[in-house]
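What follows is a short report on a single structure.
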Amino acid sequence: MELIDVELRRIRLPLVTPFRTSFGVETERDVLLVRVTTPDAQGWGECVAGSEPLYSSEHVDGAQLVAREHLLPRLFAVGDLAAAGVAGALAPVKGHQMAKAALEMAVLDAELRAAGVSFGAHLGAVREAVDCGVSVGIFPTIPEMLDQVAGYLAAGYKRVKLKIEPGWDVAPLRAVRERFGDDLLLQVDANTAYTLADAPHLALLDDLGLLLIEQPLAEDDIPGHAELAKVVKTPICLDESIVSARSAEYAIAIGACSIINIKAGRVGGYLEARRAHDVCVERRVPVWCGGMLETGIGRAANVALAALPGFTLPGDTSASDRYFDRDITEPFVLHEGMLSVPTAPGLGVAVDLEYLDAITDSVEVIGPA
Ligand code: SMG
Ligand code: MG
């Protein structure tokens, strides 16, 4: 495939409700979109980096700079480009998984659109629709959080993930159990807000019947999670720590986690995400698809990924209206707690270009040197 040019476009989409985690609050998404043009098709990618480097070391301005200055020149230098070759071409650049993932996604979309194959079919999807959970941020008060959860349950979400941090853990969780009962599938995400010294406190969560506790300790503290797993009974799930299929393999090997949250952006692309999935399946470690407040572009790919056989737990793959009043593709709508996996070629969704232009902050088009 020949790469004719690549558009890097920044859009701004307000969130329907502020989303607070242990590391910060998001009120709008400042998204870097990638559009690649090849002789046969165009392809879209979405970069999941946040506006500040708070979830991980990447952020959207940095991702755009790295894409422009370091990644795209390497892609243009490849004579006959294929999505399967993107990661290798970009490997000399260390890190920057989210920037790399966005470029690979756009190339893969173009390739699959040209070939008439859907993302799901290419990745190995075995389901037509996927079970959806919803991630609930930290609220000023417990009643406000309970109202939000009630609304999501009324909409049909199959499990709830509560964001936690020191001072917002046991009490809100008990309140959720009291109001919604013990059958609710409930899990928590600390986004690295605790240390191993908090192990006795985190063990208090064991009585709450949680599916898992996600990333309680620092990103680089994989051994600490293995220690914590000896003290708490709630299964430990890693998110931030898993930056490649190999890191998943190591984390599982030392007993740092018994469940993994897979995010394509965090591991450098959907093809590496599939390899991480395969590693987990071989080791009988359940996985689920994480979310980064994606637009319809990223959501289409996530829903396809979540349809792979090892994704046995509901993901953070919520409907478009959980995030935005208006999505930039046709909206993803919840039906009986599930989202349908797109079946049309590539991502299988169409970008609303008129709306996109209306919410665009900047566009740069990069060609071969
Ligand atoms: O996309 O529904 C979503 C958000 C899911 O909680 C979510 N993501 O650590 O798993 C996580 C967070 C990271 C993003 S916070 C801006
Ligand atoms: Mg997480």
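Just how far, in whole angstrom, is segment 315-355 from segment 172-241 if you go by their alpha carbon centroids?
30 Å
Name the residue from Val25, Val48, Pro14 whose Cα lies farthest towards the positive end of the charge dipole of segment 1-50, charges +1 on Cβ of Lys and Arg and -1 on Cβ of Asp and Glu.
Towards the positive end, the residue furthest out is Val25.
How many Å³ per residue does the convex hull of the Cα positions in the chain occupy?
Values: hull volume 44.3 nm³, N = 369.
So the per-residue Cα hull volume is 120 Å³.
Could you list, in their original order, any pairs among Lys161/Lys233; Lys94/Lys158; Lys100/Lys158; Lys94/Lys230; Lys100/Lys163; Lys94/Lys163 whose Cα atoms are separated by more than 26 Å? Don't skip to the end; give the middle numbers.
On the way: Lys161/Lys233 18 Å; Lys94/Lys158 38 Å; Lys100/Lys158 32 Å; Lys94/Lys230 33 Å; Lys100/Lys163 28 Å; Lys94/Lys163 30 Å.
Correct reply: Lys94/Lys158; Lys100/Lys158; Lys94/Lys230; Lys100/Lys163; Lys94/Lys163.
At what distance in angstrom do the alpha carbon centres of segment 1-76 and segment 93-145 lie from each other?
That distance is 13 Å.
The numbers here are math on the coordinates, done by the rules we state, and not lab data. Fair warning: this is a prediction, and the values are worked out from it, not measured in the lab. Every residue, glycine as well, gets a Cβ built from its backbone with ideal geometry; the counts of neighbours run over all protein chains shown.
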